[in-house]
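The next block holds one structure in the form of C-alpha cells; read it before the comments.
Bear in mind that the values in this text are calculations on the coordinates, not laboratory data. A quick note: this is a predicted structure, and the numbers were derived from the prediction, not measured. Cβ sites come from the backbone with ideal geometry, for glycine too, and all protein chains shown count toward neighbours.
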Amino acid sequence: MTTTTLLTIDEYAALPEQYDEHGAQLRDELIEGELILSPRASWTHAEIVERVGEALKPLERWGCRVIKQGALPIFDEKNSVLGPDVMVVPAAEWYSQLANRAYNPIRPYFAVEVISPGNRMVKLVRKTEMMLGLGAMQVWWIYGEQRRVDVHTIDGVQSFTNELRVPHPNVDLVLELAPIFDFSKVVVPAHEPAS
C-alpha cells in the first residue's frame, strides 16, 4: 500500500523544481494536497496552447487576463494549486494578487486543458470539478487529434468541432476551431540573412 504525503500550499511553494531522468523540467500541480507531476508538453500540445491563448487575446480589451501554461496558477482553499493550460481571469483581480503576492482563491471565467496521453483522467476530472467549483463558467478539454473541444459546465458536457462561443458576460466572441487544429498551414516567417 502506497502512502501519499499531503502538502500545504506553503510547503508546495517551497519545493525545488522537479526534473525527469533526461533533465527536462516537470510540470507540477497540487490537487487537494497531493503533488501531481506531469511530463513536459509535446510540441503539438504546446502549439495548441499557444494558438488558443492567442485566439483569446481579444478578451484582454474587456477586462480579462489570458494566462498560458507556465504562468502563476489558480489557488484554492483546499491546499490546491491548479495550473490549467490556459485560463481567462478578471484582470483586476489577477494583478491585485500579483501585486500583493497573495495566494487567495481566484475565480477564472473559464479554463482550458489540452488533453495528452500522459493526463491522468481521474485527476483531470477532479481538477475540472474544482475549477467549476471556484466559479469557472466552463472548462474546455481540447482533443487535438480528434479536432474536438468538450466544454464542461456544472450542467454537463457538450462537444464542439467547428466553432465555440467564448463565455464572457460582456463580449460575444466566437472562436473558430479549424485554425487551432490545422497544422498544414503553418507559416514560418522568412529571416533576412545576416550581412
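Spin-label model, V174/R147: points 7 Å from Cα along the beta carbon direction are separated by 1.8 nm.
Residues of region 35-68 falling in the label zone of A92, defined by backbone nitrogen less than 16 Å from a point 7 Å along Cα to beta-carbon, are 60-65.
The packing ranking of peptides 10-21, 170-181, 125-136, highest mean first, is 125-136, 170-181, 10-21, where packing means the average number of other beta carbon atoms within 10 angstrom of each residue.
Charges on Cβ only, +1 for Lys and Arg, -1 for Asp and Glu, centred on the Cα centroid of region 42-181; of I67, A99, I115, which one is farthest towards the dipole's positive end? Result: A99, furthest along the dipole toward the positive end.
With neighbour counts taken as other beta-carbon atoms within 10 Å, the residues M87, M137, M121 rank, fewest first, as M121, M137, M87. Remark on region 42-181: hydrodynamic radius 15.2 angstrom, per the Kirkwood mean of 1/r across alpha carbon pairs. With a Förster radius of 30 Å applied to the beta-carbon distance between S116 and E60, the computed FRET efficiency rounds to 0.65. One decimal place: the segment D10-R107 gains 32.9 nm when fully extended, by the rule 0.36 nm per residue minus the C-alpha distance.
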